[in-house]
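Colleague: Before I ask anything, let me first share the structure, which is written out below as structure tokens.
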Amino acid sequence: MGLYYVTTPIYYVNAEPHAGSAYTTVYADALARYHRLIGDRTFFLTGTDEHGQNILKVANEKGLNPQEFVDQMAQKFKDAWRFMRISNDDFIRTTEPRHEKVVQRVIEIMYEKGDIYLGTYQGWYCPKCETYYGENELENGNCPIHKTPVEFVSEESYFFKWSKYQDPLLELYRTNPDFVVPATRLNEIKSFVERGLKDISVSRTSVPWGIPVPFDTKHTVYVWYDALINYISALGYTDSGEKMEFWPGVHLIGKDILRHHAALWPAMLMSLELPVPKRVVAHGWWLVSGQKMSKSVGNIFSPQDLVSHIENSVGLAEDIAVDALRYFMLAAGPQRDDADLSLEALWGTYNADLANDYGNLLHRVLGFMKKKGIDTAPKVTGQRYSRVAAVVQEQLQKYHAAYEKEDVQGALSSALDLIKFLNDFQDKEKPWTLSGDDLAEFLYSELEAYRVATTMLSPAMPSAAQRVAATLQAQLSLTFGEVSGFKPDLTQPPLFPRFKEDKDKQGDKGGANNEQTKESASPEVEEGKPVVDYDTFSKLDLRIGLVEAAERVPKSDKLIKLSVDLGSLGKRTIVAGIGLKYEPEDLVGKRIVVVANLQPRKLMGVLSHGMLLAATGEDGLPNLLSVDGQPEPGTKIK
Ligand code: MSP
């Protein structure tokens, strides 16, 4: 029995949890569940990063005091992770006293040691976004966001002697080539450190929403220095220290925060004379239509929306739909390289792996038993049993080796390879030609291997695995041959019904099992237009937009480019084909109806970021939908 400590990044609370943060969290959850399965004492930590200027800014924009704001947001993360069946052992928040105390102690220890010193921070400051920029980040000397002039500021700041740890870090990468995986990211961090480390500013006098530096309280601790310490503050470092036996741990992160975890954090640990992390696993990003998911592009998928889409499309219970999403994320996600997050990708993986291979196998075996009136499969061993046992052992070996390297994708492949083998085995053995002990041996071997494969999948799909265990009426384990015989429940429908495109288009809440009721309840609709349920409708983000400016798109009679105020969603450029009916000046000051979350599209070279609603009359000309009263720009339409 070993010890295993796994962490996710602590997420900024200025945005809600989404499929990106859910990915890292589900990935860490699968690792934690695997280690518990093999009997390791496991500690799984996630949490929220709650200090800093950006969080203060969003709280101010919302008119909330920062503590109130971070409390609300941290709860959203806790709720999202409970919904995703995340089994974290602790949830750390950087505004908790147990964390703040440790950060203050850590900066003191380093200060006493001489690794923290007072210096002068110099940089370019944009007062509009309250952010410092490096010379090379400026655009023609202006703020890259606001395109307005920046100020050169020089302020007193405490620095951490990062440069002192340059050689020890290079030595670490040289002697421990698995310190960062995948190897491409180790190379990336190695060349970053080889280019030379500069000491890093770790305090600010201008950011009030932070932890005060204990020996100079006009300073607050820089948000990244504060955040990284969560990985040991949660273990009680410098305090009771009761969980420090779990250190060092494995950090799961996205590739965007590699430098902080693979170069800054180990240097801080060296300064504290603590062991460096066991490993930093840096995954890629989910992309939506080739772009990173982000709030400003409006291409965010929330885990809850994806799960309700799955529930509605194939009629799964919530816990099984959560598992289907978890499986898709882990099997087809950005473990190494960036991956495409789309419904096509989701259903492709679902149908191939879960419906056709995994779900269908059990259905085939149990369906056969039911048809033949067989209700038990006692343990009978012979050549068939040995053949299946050998394949199970081979796949189990690959499975453990993959999890040893935090390679969940590899581990899932070995489980699926076993399932594929069992499907082929059934085709080859032709059970309808067997009888007596031969048939019993076949059925036992199939069901027993299926039980082991289900256990192999259980870290990814914990609820589905329990459902299968209940159907098999057997406990889950990784030991083939352990069960003395099966008396399965033959009444269960397929666990993962196949997704069919047309069912989805009907917005069929009851899914595969409820077609008839739906058909009779369908209202009159235009041909080619499916009936949609409220969940599908509610995915549209319809808003009141106030037209602030309008101009014709050059060389087009039809297109007008509008600048539209959408309140909290900001200003948008929308290109609309209304130029044959309206003059730009007629439009300014009008309130219109905007679809705010439509995929951006280029029209005559101009990117349109939304669509306005209009009805085309018999003359073929558009009539804009108008709005009663004067609702605020950005008001939601339901
Ligand atoms: N607060 C810091 C981390 C401090 S850790 C001591 C931070 N937070 S964050 O909210 O921006 O979350 C970053 C992490 O969320 C990424 O490293 C990654 O793990 C995950 N993801 C955010 N967007 C993502 C995608 N589009 N795709 C995959 N993961 C992404 O940085």
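Colleague: If SER626 satisfies all but one of (1) under 21 Å from GLY290 (Cα atoms); (2) among the hydroxyl-bearing types (Ser, Thr, Tyr); (3) assigned to a loop (DSSP other than H, G, I, E, B), what's the number of the condition it fails?
Modeller: Condition not satisfied by SER626: (1).
Colleague: Quick check on my filter: what residues within the range 3-52 are at pLDDT 95 or above, among the charged types (D, E, K, R) and either closer than 25 Å to ALA331 by Cβ or in contact with a helix residue (DSSP H, G or I) (Cβ under 6 Å, 6 or more places away or on another chain) (or both)?
Modeller: Result: ASP29, ARG33, ARG36, ASP40, ASP49, GLU50.
Colleague: Here is a further query. Do you know which residues across the range 212-253 are at pLDDT below 95, within 16 Å of the ligand (Cβ to nearest atom) and of a type outside the set (Phe, Trp, Tyr)?
Modeller: VAL223
Colleague: Please identify the pairs in which a residue from the range 245-266 that is under 11 Å from THR7 (Cβ atoms) has its Cβ atom under 8 Å from the Cβ atom of a residue that is more than 8 Å from the ligand (Cβ to nearest atom) and acidic (Asp, Glu), counting only partners at least 6 apart or on another chain.
Modeller: Note: pairs meeting the criteria are VAL250/GLU406; LEU252/GLU406.
Colleague: Being part of a strand (DSSP E or B) and within 14 Å of the ligand (Cβ to nearest atom) is the filter here, so list the residues in the range 18-47 that pass it.
Modeller: Hits for the range 18-47 are LEU45, THR46, GLY47.
Colleague: A further question on this structure: Going through the range 215-235 one residue at a time, which ones are more than 27 Å from the chain's Cα centre (by Cα), assigned to a loop (DSSP other than H, G, I, E, B) and touching a residue at least 24 places away in the same chain (Cβ under 8 Å)?
Modeller: Selection gives PHE215, ASP216, HIS219.
Colleague: Can you confirm whether the range 493-516 contains a residue that is within 26 Å of the chain's Cα centre (by Cα), at pLDDT 90 or above and assigned to a helix (DSSP H, G or I)?
Modeller: No; the residues of the range 493-516 include none that is within 26 Å of the chain's Cα centre (by Cα), at pLDDT 90 or above and assigned to a helix (DSSP H, G or I).
Colleague: Taking ASP541, is it charged (D, E, K, R) and touching a residue at least 24 places away in the same chain (Cβ under 8 Å)?
Modeller: yes
Yes/no per residue for (1) surrounded by fewer than 21 Cβ atoms within 10 Å (Cβ to Cβ); (2) over 25 Å from the mean Cα position of the chain (by Cα); (3) more than 16 Å from the ligand (Cβ to nearest atom):
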| site | (1), (2), (3) |
| --- | --- |
| GLU344 | yes, no, yes |
| TYR358 | no, no, yes |
| LEU366 | no, yes, yes |
| LYS372 | yes, yes, yes |
| LYS379 | yes, yes, yes |
| ALA401 | yes, no, yes |
| GLU404 | yes, no, yes |
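Colleague: If you don't mind, another one. Between residues in the range 289-300 that are more than 17 Å from GLY254 (Cα to Cα) and modelled with pLDDT under 80 and residues that are near the ligand (Cβ under 9 Å from one of its atoms) and not in a loop (DSSP other than H, G, I, E, B), which pairs lie under 9 Å by C-beta distance while being six or more apart or on different chains?
Modeller: Partner pairs satisfying both residue conditions: VAL297/VAL288.
Colleague: Residues being more than 32 Å from the chain's Cα centre (by Cα) and either assigned to a strand (DSSP E or B) or more than 19 Å from GLY545 (Cα to Cα) (or both): count how many of those fall in the range 604-616.
Modeller: The total comes to 5.
Colleague: Scanning the range 171-211 for residues that are of a type in the set (A, V, I, L, M, F, W, C) and part of a strand (DSSP E or B), which turns out modelled with the lowest pLDDT?
Modeller: Of everything passing the filter in the range 171-211, ILE200 is modelled with the lowest pLDDT.
Colleague: Another one. Among the candidates ASP353, ASP323, ASP338, single out the residue that is near the ligand (Cβ under 9 Å from one of its atoms) and either touching a residue at least 40 places away in the same chain (Cβ under 8 Å) or basic (Lys, Arg) (or both).
Modeller: None of the others qualify; the one that does is ASP338.
Colleague: Being charged (D, E, K, R) and either free of Cβ contacts under 8 Å to residues at least 40 places away in the same chain or part of a loop (DSSP other than H, G, I, E, B) (or both) is the filter here; which residues of the range 455-491 pass it?
Modeller: Answer for the range 455-491, where residues must be charged (D, E, K, R) and either free of Cβ contacts under 8 Å to residues at least 40 places away in the same chain or part of a loop (DSSP other than H, G, I, E, B) (or both): GLU482, LYS487, ASP489.
Colleague: On to the next question. Can you tell me how many residues within the range 278-293 are within 12 Å of the ligand (Cβ to nearest atom) and either in contact with a Leu (Cβ under 8 Å, 6 or more places away or on another chain) or within 18 Å of THR25 (Cβ to Cβ) (or both)?
Modeller: Residues that pass the stated criteria total 11.
For (1) modelled with pLDDT of 85 or more; (2) under 19 Å from ASP226 (Cβ atoms); (3) touching a Leu at 6+ places or on another chain (Cβ under 7 Å), each residue gets a yes or a no:
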residue	(1), (2), (3)
ILE109	yes, yes, yes
LEU118	yes, yes, no
TYR121	yes, yes, no
CYS126	no, no, no
THR131	no, yes, no
LEU138	yes, no, no
GLY141	yes, no, no
THR148	yes, no, no
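Colleague: With surrounded by fewer than 20 Cβ atoms within 10 Å (Cβ to Cβ), within 31 Å of the chain's Cα centre (by Cα) and not charged (D, E, K, R) as the only criterion, which of ALA469, ALA460, ALA464 stands out?
Modeller: One residue alone meets the criteria, ALA469.
For (1) over 29 Å from SER294 (Cα atoms); (2) among the hydroxyl-bearing types (Ser, Thr, Tyr); (3) assigned to a helix (DSSP H, G or I), each residue gets a yes or a no:
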site: LYS555; (1), (2), (3): yes, no, no
site: LYS561; (1), (2), (3): no, no, no
site: GLU585; (1), (2), (3): yes, no, yes
site: GLY589; (1), (2), (3): yes, no, no
site: GLY620; (1), (2), (3): yes, no, no
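Colleague: Could you figure out which of (1) of a type in the set (Asp, Glu); (2) surrounded by fewer than 19 Cβ atoms within 10 Å (Cβ to Cβ); (3) within 16 Å of LYS198 (Cβ to Cβ); (4) in contact (Cβ under 8 Å) with a residue 12 or more places away in the chain isn't true of ASP115?
Modeller: Here ASP115 meets the rest and fails (2).
Colleague: Just one of (1) surrounded by fewer than 12 Cβ atoms within 10 Å (Cβ to Cβ); (2) free of Cβ contacts under 8 Å to residues at least 24 places away in the same chain; (3) in contact with a strand residue (DSSP E or B) (Cβ under 7 Å, 6 or more places away or on another chain) trips up PRO149, so point out which.
Modeller: Condition (1) is where PRO149 drops out.
The values are calculated or read from the model by the stated rules, or taken from the named source; none is laboratory data. Keep in mind it's a predicted model, so treat the numbers as computed, not measured. Cβ atoms come from the backbone with ideal geometry, glycine included; neighbour counts cover every protein chain shown.
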